[in-house]
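So the structure is just underneath, and the comments pick up after that.
The values are calculated or read from the model by the stated rules, or taken from the named source; none is laboratory data. Please read all numbers here as calculations on a predicted model, not as lab measurements. Cβ placement follows ideal geometry from the backbone for every residue including glycine, while neighbour counts extend to all protein chains displayed.
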Amino acid sequence: MSVRRLAEDQFQPAAFSFSEDNAAWAEATIRKYPEGRQQSAVIPLLMRAQEQDGWVTRSAIEFVADKLSMPYIRVLEVATFYTQFQLKPVGTRAHIQVCGTTPCMLRGAEELIKVCKSKIHAEPFERNADGTLSWEEVECQGACVNAPMVMIFKDSYEDLTPTQLEHIIDRFEAGKGADIKPGPQVDRVYSAPVGGLTSLTEEIKPVNTLDVQPAAPAASVPPANAGRPNTAADETNPALKTPATDKKAAAANAKVSGENADKAGDAVVTTGEGSPSAKAAAAPKPSLDDPARPAGIEKPATVDDLKLISGVGPKIEGTLHSLGIFTFAQVAGWTSAEREWVDGYLRFSGRIERDDWVKQAEALARGGEAEYIRVFGKKPR
């Protein structure tokens, strides 16, 4: 990958701000993301800044970073990583991106690059004398069947010859780029074959389903594993006896489940005592008088927002309040036995350890959200 750096200071404007329409668009875009995830809007906002000014300036990067509460370096990393962002001024009327990947190269991309060098500038990313045009070579633009192609802003121009590209450049330089229809510059529709269709060329007459008689159903053949009715032979075949077919087995099963013996002919399904579901159903909550229960306090005038701890929602917070747990410091001081007690009381085994409530609470108690971000590299929740 080529080295990508911001333009020299001489090109950098002193400040950046969105236009009124773009500012409203930016606010609406940020609201699309859930609370705590607004930084995901960084790429859309950078693209809108580029569309507004023609390229991504240092002040635009800093503006987007401030708006999304991001360190400048994080937004700079995004802008310098993705080649869709222009980091220095480009042509005010057209920046031609010539695809140089294999399909386009095999079909004449080098000739298109020669046109750009002769009509715009000998070097990529450099503007012509009037500052209206610039060009660069890019990787695949996704219309390989229509090679070779270029992209200007958001439109692609495909199936090009050098002469056609010269004409397109001239129209954009004259401020009449809108006169050029995007897409294939030959007689084809999008990616259809050049010269017309080669298959599915016959017109297919629609079928009137009312005129079609349904076919006679085939003889029903049950699958090999299909169920079959019981027969008298089943009653005498020891290999086939189950609680559903053997009255003695059914009676024993019914007795285990507490059913009356006269219902022994019915199949009874029970859950074994050793199964996980039986253990979960049988396990009671730990006693509130258990010495392992963490000590509670009277509700203070100001309580900590325990929901900032990952894994604690409104319902869990309410339960903790009912136990006298109101502060991060209390959670941060839980011993192993106390964590195990709370884990059993809340009925989600291992959650406290997996989410490391104690470490989260320690950070929040020590320095609030700022300390949490320093320790975990992200906002709480």
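Observations
- Those residues of the stretch 20-40 which are surrounded by 12 or more Cβ atoms within 10 Å (Cβ to Cβ) and closer than 22 Å to Trp55 by Cβ, in sequence order: Asn22, Ala23, Trp25, Ala26, Thr29
Here's the yes/no breakdown for (1) in the same structural domain as Ser69 (by TED's automatic domain parsing); (2) within 22 Å of Pro34 (Cα to Cα); (3) touching a residue at least 24 places away in the same chain (Cβ under 8 Å):
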position: Asp290; (1), (2), (3): no, no, yes
position: Leu323; (1), (2), (3): no, no, yes
position: Arg347; (1), (2), (3): no, no, yes
position: Asp355; (1), (2), (3): no, yes, yes
position: Arg366; (1), (2), (3): no, no, no
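- Filter pass, Ile373 being in contact with a Pro (Cβ under 9 Å, 6 or more places away or on another chain) and closer than 23 Å to Gln39 by Cβ: yes
- Val98 fulfils the conditions (1) part of a loop (DSSP other than H, G, I, E, B); (2) closer than 26 Å to Gln52 by Cβ; (3) in contact with a helix residue (DSSP H, G or I) (Cβ under 9 Å, 6 or more places away or on another chain); (4) touching a residue at least 40 places away in the same chain (Cβ under 8 Å) except for a single criterion, (1).
- Among the residues of the stretch 2-16, just one is under 29 Å from the mean Cα position of the chain (by Cα) and small (Gly, Ala, Ser), namely Ser2.
- Just one of (1) farther than 22 Å from Gln50 by Cβ; (2) surrounded by fewer than 18 Cβ atoms within 10 Å (Cβ to Cβ); (3) at pLDDT below 95 fails for Asn146. It is (2).
- Among the numbered conditions (1) in contact (Cβ under 8 Å) with a residue 12 or more places away in the chain; (2) under 30 Å from Phe376 (Cβ atoms), the only one that Phe16 does not meet is (2).
- Residue in the stretch 350-363 that is surrounded by fewer than 14 Cβ atoms within 10 Å (Cβ to Cβ), assigned to a helix (DSSP H, G or I) and not basic (Lys, Arg) present: yes
- Residues located in the stretch 131-155, provided they are in contact (Cβ under 8 Å) with a residue 40 or more places away in the chain and assigned to a loop (DSSP other than H, G, I, E, B): Gly131, Thr132, Glu139, Cys140, Gln141, Ala143, Ala147, Pro148, Met149, Phe153
- Matching option when the condition is surrounded by 15 or more Cβ atoms within 10 Å (Cβ to Cβ), at pLDDT 90 or above and not polar (S, T, N, Q), among Asp159, Asp130: Asp159
- Some residue of the stretch 72-82 being assigned to a loop (DSSP other than H, G, I, E, B) and modelled with pLDDT of 95 or more: no
- Those residues of the stretch 167-191 which are under 22 Å from Ile113 (Cα atoms), of a type in the set (Asp, Glu) and surrounded by fewer than 16 Cβ atoms within 10 Å (Cβ to Cβ), in sequence order: Asp170
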